[in-house]
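The values are calculated or read from the model by the stated rules, or taken from the named source; none is laboratory data. Predicted model, so just to flag it, every value in this text is computed and none were measured. Ideal geometry is used to build each Cβ from the backbone, glycine not excepted, and the neighbour counts take in all protein chains shown. Ligands, DNA and RNA are stripped out before the accessible areas are found, and what is left, the full protein with its side chains, is counted by its heavy atoms. Shrake-Rupley method; radii C 1.70, N 1.55, O 1.52, S 1.80 Å.
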Amino acid sequence: VEIYSLHVDCKVTSRFAHTVITSRIVNRANESREATFEVELPKTAFITNFSMSIDGEVYPGIIKEKAAAQNEYDSAVSQGQSAGLVKITDRKLEQFHVSVSIAAASKVTFELTYEELLKRQLGKYELLLKVRPKQLVKHFQIDVHIFEPQGIQFLETDSTFMTNELTEALTKEQNETKAHILFKPTLDQQKKNSELDETLLNGDFVVRYDVKREATAGDIQIVNGYFVHYFAPQEMPAFPKNVIFVIDRSGSMTGRKIEQTRDALLKILQDLRQEDHFSFITFNHKVVEWKSSLLPATEENVASVAALVQTLTARGGTYISGALLAAVGVLDKAEGLPERSVSMIILLTDGQPTSGERNVEVIQENVQKAINGKYALFCLGFGFDVSYKFLEKMALSNGGIARRIYEDADAALQLQGFYQEVATPILMQIEMQYPENSVEGLTKNNFKLFFEGSEIIVSGKISNELDLLPVEIKAQSHTSNLTLKEEANVQEKEQVFQNQRYIFGNFIERLWAYLTIQQLLEKAISAQEEDQKALEAQALDLSLRYSFVTPLTSMVVTKPQQQEELANKPTEAG
């Protein structure tokens, strides 16, 4: 079975990436064989389309509500047919895998399409393409087109498998607003060495870039009555932070985990700014506070905690509830903090609560009541013994986020990387305001905190014949209360995307749907049960209308002989 062509076509228009992967396979044997199509795609992406055509007959994937798809599928499974098609394979990736039996000398073409909104982290967007054909491919190419009307600030490609020969197969063209990256290695360039037919192509192909930003009130783009508003202010003074680190040192953290935690904490402590205040709580079945108050991040105080971190050992149970409530208590009692500052709690744990209150719902409720919207809670789950669902719900209910830390050699770097993302808050209480009577379907438009290097994105539909879309941003910076205003000329903005061959249909409408679904699903995590049902129903409706495989939908893939398989979207919380 030979893959004679593998094309990865990716169009990124204003951060929204549309990727089509096409694999053509021929069976050169004189009997029927299995042909396999395997694609790894980012977890943040939604599959929107799949088809396979065998000798001219097309078998499309149909996206349905998960429950309905599952019923169909269960009846197929009871007749002895195969299992699901998508599984999480990596920190950032999930794998779509389908095999089909093809007759001697037959050909099959697989085509998979997925879409995602690229998220700005630490000052750049990252487009990740996984390359793993497992054999030499006669016609192999990765073709990436980027169009950013704001202008491209910088662009770099990176790959885990490049050699000098392969570099020759890579071309980059770039002007003010567009970039084209083509990677087209010949058979010889793909080979590990001239004797063996083994491929070098195995790993990540990454494109990173950022856009130019001028306007104070961000950038607005409009296509067919849908708008997207990007806001990422730069070079503003950071708010002082009041941070409490709450660190699990129960028995399960023993060995490498506690060592990596120590390494990461020592580096993070060095990164605290002079004007920050901090404190440090460790817990097993007991809760130990370094000091009962927050102290300024002076050299002495940092050194004193660093000495304590060096001695961290792990044993005992896991009293999560007591540790978090103690942290809230320290912030509540704190005196003499800078008037305009941002208070946050960063929890690192690797397990379930085993001491004190163990019921996760009660813990969530108590913590939310205690925090009462005053502080942001970030929850880091170390490894796979944590209840990620519990941590995620707790973080989202308290203005923070949850993140899984993988038990790998670079765990300390993952912890530092997370800290860097939240280390520089530059705005708080951000409100993005649009004219109420002429904008509908608005995505989330108020945000508690904005961290340098990230980006706020709001999208919606302009309802009536507007000539000008006025926007107003209100926010607090470290030094003052800001009001930024901007007016977008609707017709001019629509013109930007006319006659661009980069555009795939109503991409801003699809971006709006993608963002809305992501936010509804996130909101559902921390909502009460009846609200949860309503939010999920809305997300399901959009998933079906725009044909996205989300955690609420499934794609039913039919094969020859009426076999059916299911593609479901896995979630981090399992």
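So how much slack lies between Q153 and E259, counting 0.36 nm per residue of separation and subtracting their Cα-Cα distance, in nm?
Result for the pair: 34.3 nm of gain on full extension.
Where in region 208-228 does the label zone of S438 land, with the point 7 angstrom along Cα→C-beta and an amide N cut-off under 16 Å?
220-228
Leaving out ligands, DNA and RNA, what percent of the accessible area of region 241-423 is carbon and sulfur, probe 1.4 Å?
47 percent
Antiparallel versus total DSSP beta bridges in region 241-423: what percent is that, nearest 5?
Percent antiparallel among DSSP bridges in region 241-423 is about 15.
Rounding to the nearest 20 debye, state how big the charge dipole of region 241-423 is about its Cα centre with +1 on each Lys and Arg Cβ and -1 on each Asp and Glu Cβ.
Dipole size: approximately 300 debye.
Be a star and scan region 327-350 for residues whose amide nitrogen sits under 16 Å from the point 7 Å along the Cα-to-Cβ vector of N366.
Hits in region 327-350 for N366 at 16 Å: 327-330.
Which angle between 0 and 90 degrees, to the nearest 10, do you get for helix 360-371 versus the longest principal axis of the chain when only C-alpha atoms count?
Roughly 50 degrees between the two axes.
With a 1.4 Å probe and all protein chains left in place, how much accessible area per residue does the chain have, in Å²?
Using a 1.4 Å probe on heavy atoms only, each residue of the chain averages 44 Å².
How long are the semi-axes of the equivalent ellipsoid of region 1-60, defined as square roots of 5 times the Cα gyration tensor eigenvalues? Whole Å, largest first.
28, 12, 11
Please give the FRET efficiency for K374 paired with N71, using the beta carbon to beta carbon distance and R0 = 41 Å, rounded to the nearest 0.05.
That gives a FRET efficiency of 0.30.
Between K448 and D143, what is the label-to-label distance in nm when each label sits 7 Å out along the Cα-to-Cβ direction?
It is 4.6 nm.
Can you check what the net charge comes to around L170, using other residues whose Cβ is under 13 Å from the Cβ of L170 (Lys, Arg +1; Asp, Glu -1)?
That sum, taken over residues with Cβ under 13 Å, equals -4.
Take S5 and D531, extend 7 Å from each Cα along the Cα→Cβ direction, and tell me the distance between the two endpoints in nm.
Result: 5.1 nm between the two label points.
What is the dipole size for the chain, taken about its Cα centre, with +1 at each Lys and Arg Cβ and -1 at each Asp and Glu Cβ, in debye to the nearest 20?
The dipole of the chain has a size of about 780 debye.
How far apart, in nm, are two points set 7 Å out from the Cα along the Cα-to-Cβ line at E407 and at I62?
It is 4.3 nm.
Return the tail of the calculated pair distribution for the chain, meaning the percent of Cα-Cα pairs more than 29 Å apart.
61 percent
Heavy atoms of the protein only, probe of 1.4 Å, neighbouring chains included. What is the accessible area of L484 in Å², nearest 10?
That residue has around 40 Å² of solvent-accessible surface.
How many Å³ per residue does the convex hull of the Cα positions in region 463-548 occupy?
Spread over its residues, the Cα hull of region 463-548 gives 178 Å³ apiece.
How much length would be gained if the chain were fully extended between D385 and S99, taking 0.36 nm per residue of separation minus their Cα-Cα distance, in nm to one decimal?
99.7 nm
If you bin every alpha carbon distance in region 161-233 into 10 Å steps from zero, what whole percent lands in each bin?
Distribution as computed: 14, 30, 23, 17, 12, 3 percent.
Treating the angle as unsigned and between 0 and 90°, give the value, to the nearest 10°, between the Cα long axis of helix 388-397 and the longest Cα principal axis of the chain.
60 degrees
Under the 0.36 nm per residue contour assumption, what length would be gained going from the current alpha-carbon distance of S304 and T167 to full extension?
Taking 0.36 nm per residue and subtracting the Cα distance, the gain is 44.4 nm.
Where does each of H18, H478 land when they are ordered by accessible area, with a 1.4 Å probe and the largest first?
H478, H18
Could you let me know the centre-to-centre spacing of region 269-312 and region 144-159, using Cα atoms, in angstrom?
Using only Cα atoms, the two centres lie 41 Å from each other.
Along the charge dipole of region 241-423, which of L347, I258, V287 sits closest to the positive end, that is, farthest toward it, with unit charges on the beta carbon of Lys, Arg, Asp and Glu (+1, +1, -1, -1)?
So the residue we want is V287.
On alpha carbon coordinates alone, what is the Rg over Rh value for region 241-423, Rh being the Kirkwood radius?
Here Rg/Rh amounts to 0.92.
For a 27 Å ceiling on Cα separation, which of these pairs sit above it: K11/K124; K66/K92; K241/K393; K257/K389; K369/K389; K267/K569?
Over 27 Å Cα-Cα: K267/K569.
Distance from the Cα centre of region 237-252 to that of region 364-426, in angstrom?
Between the Cα centres of region 237-252 and region 364-426 lies a distance of 10 Å.
With axes computed from alpha carbons, what is the tilt in degrees of helix 299-310 against the longest principal axis of the chain, rounded to the nearest 10 within 0 to 90?
60 degrees
At a Förster distance of 25 Å, what's the computed FRET efficiency of Q519 paired with K485, Cβ-Cβ distance as r, to 0.05?
The pair Q519/K485 has a calculated efficiency of 0.50.
Taking 8 Å as the Cα distance limit and 6 or more residues as the minimum spacing, I'd like the relative contact order of region 241-423 as a percentage.
Reported relative contact order: 24 percent.
Using just the helices of the chain, give the 222 nm mean residue ellipticity in deg cm²/dmol: DSSP H runs with n ≥ 4 each add -39,500 (n - 2.57), and the total is spread over all residues, rounded to 500.
When only DSSP H runs of four or more count, the value is -7500 deg cm²/dmol.
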